[in-house]
Amino acid sequence: MNLYIRYFDQETLVNSTDDAINFLSGIEEIGMNPMLEKDIREYADSDVLYPKRYKIRPRVYFIIIKTEAASMQDFKEKKALRSDSVAEKTNTPAIVRLNEERFGWYEGSIDFKRVQMVPGTGKFQYRDTHFVACCKAMSGIDCYARIVDYLSQRVDSRSQFPSAKGKNFKFRYLGECK
């Protein structure tokens, strides 16, 4: 995998981490140091595919992008978009699967803030609550709606439910209904 590096109007496409560090060392304002070098090497060796931005001073950054492009022209013309092998490695995020219609049984788990009374004082407080349910639904978002609908009828109305797109709601498809 190649690395595209840009700092203002200075840019390059290199095929090794050493070449990237040499390019950045030639730019005085960046101030290459062992910590920055180590971080760039870790980024280049990792499976992370998103671009990395490094702060030089307030509102001044340089950027590194991993790419399959063989030349600068290919990179500029976006000819080297992620290959199928890279796309297969990354799992489909739950947000994409949320609206996918597939009738059947779903297991949904939700972490929400439930309002409960403290017995000794009579005051109310929020408590983190984990709830898991299996339900028939058309999609992940339908599963979320059914769970929230069920809970909202059984807990204090001041309880707070997370977004279906957030990390506090998870679901998985269990199988078709018979």
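The values are calculated or read from the model by the stated rules, or taken from the named source; none is laboratory data. Since we're looking at a predicted model, the values are computed, not measured. Methodologically, a virtual Cβ is constructed for each residue, glycine included, from the backbone with ideal geometry; neighbour enumeration extends over all protein chains shown. All accessible areas refer to the heavy atoms of the entire protein, side chains included, with ligands and DNA or RNA removed. Shrake-Rupley method; radii C 1.70, N 1.55, O 1.52, S 1.80 Å.
Observations
- Sorting 163-170, 64-71 by average packing, meaning the other beta carbons within 10 Å per residue, from highest down gives 64-71, 163-170.
- Net length available on complete extension from Met117 to Ser157 is 13.1 nm, with 0.36 nm assigned per residue and the Cα-Cα distance removed.
- Dividing the helix sum by the residues of the chain, where each DSSP H run of 4 or more adds -39500 (n - 2.57), gives a mean residue ellipticity at 222 nm of -7500 deg cm²/dmol.
- Estimated vicinal HN-Hα couplings, Hz - segment 2-18 in sequence order (Karplus 6.51, -1.76, 1.60; Gly, Pro = x): 8, 10, 9, 10, 9, 9, 6, 9, 9, 9, 7, 10, 10, 10, 9, 5, 4
- Two-site label geometry, Ser46 and Ser16: point separation in nm, points 7 Å out along Cα→Cβ: 2.4
- Within the set (1) 20.2, 68; (2) 24.4, 71; (3) 15.5, 47, the number that Rg and Dmax of the Cα atoms in Å takes when calculated for this structure is listed as (2).
- Global form of segment 117-178, assessed from the alpha-carbon gyration tensor, a/c cut-off 1.5: prolate
- Amide H contacts of Arg102 (H built 1.01 Å from N, under 5 Å, at least 5 apart or other chain): Ser139
- The Cβ shell under 15 Å around Arg41 holds other residues with a net charge of -4, Lys and Arg each +1, Asp and Glu each -1.
- Ligands, DNA and RNA left out, the 1.4 Å accessible surface of the chain is 48% carbon and sulfur atoms.
- Distance between the 7 Å Cα→Cβ label points at Arg172 and Asp74: 3.9 nm.
- Surface accessible to a 1.4 Å probe, Phe112 within the full protein complex, Å²: 10
- Using 0.36 nm per residue and subtracting the Cα-Cα separation, the extra length available between Ala133 and Asp39 on full extension is 29.6 nm.
- Accessible surface, per residue, of the chain when the full set of protein chains is kept, probe 1.4 Å, Å²: 69
- Global geometry of segment 1-41, whether rounded, prolate or oblate, following the gyration tensor of its Cα atoms and the 1.5 cut on a/c: oblate
- Karplus-derived HN-Hα couplings along segment 40-57 (A = 6.51, B = -1.76, C = 1.60, θ = phi - 60°), whole Hz, x at Gly and Pro: 5, 4, 4, 5, 5, 7, 7, 8, 5, 9, 7, x, 10, 10, 10, 7, 9, 7
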